[in-house]
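In what follows, a structure is listed as structure tokens, so that the remarks can point back to it.
The values are calculated or read from the model by the stated rules, or taken from the named source; none is laboratory data. Just so we're clear, the structure is a prediction, and the values are computed from it rather than from any experiment. Because the Cβ atoms are built from the backbone with ideal geometry, glycine has one as well, and the counts that use them run over all protein chains shown. Ligands, DNA and RNA are stripped out before the accessible areas are found, and what is left, the full protein with its side chains, is counted by its heavy atoms. Shrake-Rupley method; radii C 1.70, N 1.55, O 1.52, S 1.80 Å.
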Amino acid sequence: KLTSLALQPVITPELVQGRVHLKCSYSPRSPAPPVQFRVLWSRLSSPGKREQLHHEITPQTFSYVEMDGANLRLGDTVFCTVTAFRRGTPEQQSLPEDSKGFYAGIEFLPESLEIAEDGKEHVLTVLSTVPIACPGQDDFCKITLQLSTEDLGKSSQAPGPPDIALSGCQVDLLPEPCSGSRCAAATVTVTAVTDFAQDGNRGSRISAEPLAPRDPLWRAYTPGDVKVTVRDLPTGNCYSFTDPHIITFDGWRYDNYKIGTFLLCRSESRDFEVHVRQWDCGSHRSATACNCGVAAR
């Protein structure tokens, strides 16, 4: 019976003679009768709809299709559907079996981020699911992605300055052997900007664009965005004013009438501190000091 072959087709990326191909592999249970396979390649044209790209009949347990930038482009989600039949009796077919959808292009891991204004760095992996090919290029081969950030604000507010900062504005994807759907990867860290503003939770996005690629496959491709939600954290303030009245971060109040240079505050977690200088600003009747200088690092 051909109805229960369990072909389990799987799509993997591969370089064939320096050009990017997708390979559909399937293997009937052993021992299997001598059969042929009908392989139908398709891509997602709109949600829930597929567009046929190519089909072939082959005795092989694999089928290739080239990513040529015209029929099959970066950004496509591709499927292969395999049906088996006995030679000479094509009407006796197994049930068609679908592969999982294979997204050809750049993926971000994680797909979205939720971070807080706490100074922590979050690692974002930029992953290519297709091999990096450099046809006709003998020197250093890579794809460079230009990264940018944009503030989405809140629905009631106009966009403002970006609420996130990246460790770099570019990442390089270098050729490496494909492992599953991972053919090249680079990382960048994302940090929420501590803006000292109580502006609520805001949305930002990270965009990537291939920078002057020589490979025509990459020229017309724009990867999807990464949505980043930044959770607002309350901001503390401390003050030293007039003859100095001091209010600390936790609201404690006191006066310091002494003359000299003092450490006003220092962070225990990062390289930040503030010094203040006070001089005599009182009369002969009352000894009082006032702020006259400040230094911050």
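Projected over every direction and averaged, the convex hull enclosing the alpha-carbon atoms of the stretch 10-104 yields 6.7 nm². Would you work out the Kirkwood radius for the stretch 239-296? I mean one over the mean of 1/r across all pairs of different Cα atoms, in Å. Kirkwood radius, the stretch 239-296: 12.1 Å.
Asn201 to Gln60: extension gain in nm, 0.36 nm per residue of separation minus the Cα-Cα distance? Present the calculation step by step, with values, prior to reporting the outcome.
Working: separation 141, 0.36 × 141 = 50.76 nm, distance 5.50 nm.
So the extension gain works out to 45.3 nm.
Model label points for Leu95 and Arg182, set 7 angstrom from Cα along the Cα-to-Cβ axis, are 3.4 nm apart.
Determine the alpha carbon to alpha carbon distance for each of Lys120/Lys142; Lys23/Lys49; Lys23/Lys142 and list only those over 26 Å. Walk me through the intermediate numbers first.
Details: Lys120/Lys142 30 Å; Lys23/Lys49 22 Å; Lys23/Lys142 23 Å.
Where the Cα-Cα span goes over 26 Å, the pairs concerned are Lys120/Lys142.
Projecting the Cα positions of Gly224, Ile11, Thr129 onto the charge dipole of the chain (unit charges on Cβ atoms of Lys, Arg, Asp and Glu, taken about the Cα centre) puts Ile11 furthest along the positive direction. Summing charges over all other residues whose Cβ lies under 13 Å from the Cβ of Val10, with Lys and Arg as +1 and Asp and Glu as -1, gives -1. Each principal axis of the chain carries a Cα extent, and these read 116, 43, 37 Å when sorted largest first. In plain terms, the chain from Glu14 to Trp279 could stretch by 88.0 nm, reckoned as 0.36 nm per residue minus the Cα-Cα distance.
Cysteines in the chain lacking any other cysteine Cβ under 4.7 Å from their own Cβ: Cys169, Cys238, Cys265, Cys292.
At a 1.4 Å probe radius, carbon and sulfur cover how many percent of the accessible area of the stretch 106-231?
48 percent
Placing a label point 7 Å from the Cα of Ser267 along the Cα-to-Cβ direction, the residues of the stretch 237-252 whose backbone N falls under 18 Å of that point are 237-239, 249-250. Radius of gyration over Kirkwood radius for the stretch 146-288, both on Cα atoms: the Rg/Rh ratio is 1.22.
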